[in-house]
Amino acid sequence: MEKVRSRDGTQIAYERLGGGEPIVLVSGASTSRAVHSELAKSLASDFTVLNYDRRGRGDSGDTLPYSVEREIEDIGVVITAAGQSAAVFGNSSGAVLALRAAAAGLPISKLALWDPPFFVDPDAPRRQQEYVSTLSGLLAAGRRGDAMALFMSTVGIPQEAIAGMRRSPAWPGMEAVAHTLAYDAAVMGDSRVSTTLISSVKVPTLILTGGNSGAWADTSARALTATMPFAEHRVLENQTHAIAWDVLATELRRYFIPAGHNR
């Protein structure tokens, strides 16, 4: 594990694996860099992989007040640790953060996004506002477990499964990062595709969605590719939002390795 200091002084922890062109992995809501451990190891055979803990998670620090701009700066210093530029992979709401980083002008050579959770229906802002309001109340009351359960319910996990998870040994670790659910909510904004944001992303972008992730994933990807000037969409059949890491690694390797490059 290595650490780098972000612009506001926050220590950002990351692991560096492999050798070759650099790739930075950006995790989604409720997870630390551990979620990408298997993916990082697989990609390390062809790339230098920087797998980092977003602020407030794992071994990284957390300086308040939070802002999305500080998270973008975090990605920037990790890219600097990698070299002059890097490819970036973003997972779920981490994909939206990666998009925001590219729109902010960070030196990103290529983007790959997994199931960015945007919505296009007119009721989406109301749902997001209701979720944020309830989440904020639970966190303010110190009810981290209930906040994590709310998030899981919102993303479609059945109540009986959530109850089982609350009894599992992994639950305290999930409660420990529950406050960062508010960070991802801020990253998502009103949860709709922002034409102003994504039209400014000039980086070549691959949007990957699971064939079994749900209609929302396909709709989100189609809305993005319709607006982004250098984006393509690929559906991975028989994959849910909880994608098999070996399948994802194969697609990322195919995309990030330059044509004609000899491994």
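The values are calculated or read from the model by the stated rules, or taken from the named source; none is laboratory data. All values reported here derive from a predicted model rather than from experimental measurement. Methodologically, a virtual Cβ is constructed for each residue, glycine included, from the backbone with ideal geometry; neighbour enumeration extends over all protein chains shown.
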Residues of the range 93-150 satisfying the condition of being farther than 28 Å from ILE75 by Cβ and of a type in the set (D, E, K, R):
ASP121, ASP123, ARG126, GLU130, ARG143, ASP146
Does GLU130 satisfy the criteria of being at pLDDT 95 or above and within 23 Å of LEU64 (Cβ to Cβ)?
no
Residue satisfying condition, being touching a helix residue (DSSP H, G or I) at 6+ places or on another chain (Cβ under 9 Å) and buried (at least 22 other Cβ atoms within 10 Å of the Cβ), within set LEU208, LEU197:
LEU208
Out of the range 10-40, which residues are more than 19 Å from ALA101 (Cα to Cα) and surrounded by fewer than 16 Cβ atoms within 10 Å (Cβ to Cβ)?
GLY19, ALA34, SER37, GLU38
Looking at (1) surrounded by 15 or more Cβ atoms within 10 Å (Cβ to Cβ); (2) not small (Gly, Ala, Ser); (3) not in a helix (DSSP H, G or I), which is the only condition PRO169 fails?
(1)
Output the residue which, of all residues in the range 171-216 that are among the hydroxyl-bearing types (Ser, Thr, Tyr) and without any contact (Cβ under 8 Å) to a residue 24 or more places away in the chain, is nearest to PHE118 (Cα to Cα).
SER194
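Residue by residue, here is whether (1) in a loop (DSSP other than H, G, I, E, B); (2) at pLDDT below 95; (3) closer than 29 Å to TYR255 by Cα holds:
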position	(1), (2), (3)
GLU160	no, no, no
GLY164	no, no, no
GLY173	no, yes, no
LEU181	no, no, no
ASP184	no, no, yes
LEU206	no, no, yes
So which of PRO116, PRO125, PRO107 ends up being surrounded by 24 or more Cβ atoms within 10 Å (Cβ to Cβ), modelled with pLDDT of 95 or more and not charged (D, E, K, R)?
PRO116
Here, strands (runs of 3 or more DSSP E) confined to the range 1-74 with at least 3 residues that are farther than 20 Å from LEU111 by Cα are 2-5, 11-18
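Going residue by residue through the range 164-176, is there one that turns out to be among the basic types (Lys, Arg) and not assigned by TED's automatic domain parsing to the domain that holds PHE89? Break it down into steps so the answer makes sense when it comes.
First pass over the range 164-176, keeping only residues among the basic types (Lys, Arg): 166-167.
Remaining after also requiring not assigned by TED's automatic domain parsing to the domain that holds PHE89: 166-167.
So far as the range 164-176 goes, yes, one or more of its residues are among the basic types (Lys, Arg) and not assigned by TED's automatic domain parsing to the domain that holds PHE89.
Would the range 35-50 turn up any residue that is more than 15 Å from the chain's Cα centre (by Cα) and within 25 Å of MET148 (Cα to Cα)? Break it down stepwise before answering.
Here is the first cut: in the range 35-50, the ones more than 15 Å from the chain's Cα centre (by Cα) are 38, 41-49.
In the following step, the residues that additionally are within 25 Å of MET148 (Cα to Cα) were identified as 38.
Yes, because at least one residue in the range 35-50 is more than 15 Å from the chain's Cα centre (by Cα) and within 25 Å of MET148 (Cα to Cα).
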When you go through GLU15, GLU21, GLU73, GLU69 one by one, which is the residue that is under 26 Å from VAL155 (Cα atoms) and either modelled with pLDDT of 95 or more or over 17 Å from the mean Cα position of the chain (by Cα) (or both)?
GLU69
Among the residues of the range 218-225, are any surrounded by 13 or more Cβ atoms within 10 Å (Cβ to Cβ), within 13 Å of LEU113 (Cα to Cα), of a type in the set (A, V, I, L, M, F, W, C) and in contact (Cβ under 8 Å) with a residue 40 or more places away in the chain?
yes
Of the conditions (1) in a helix (DSSP H, G or I); (2) among the polar types (S, T, N, Q); (3) out of contact with any Gly (no Cβ under 8 Å at 6 or more places or on another chain), ASN212 clears all except one; give me its number.
(1)
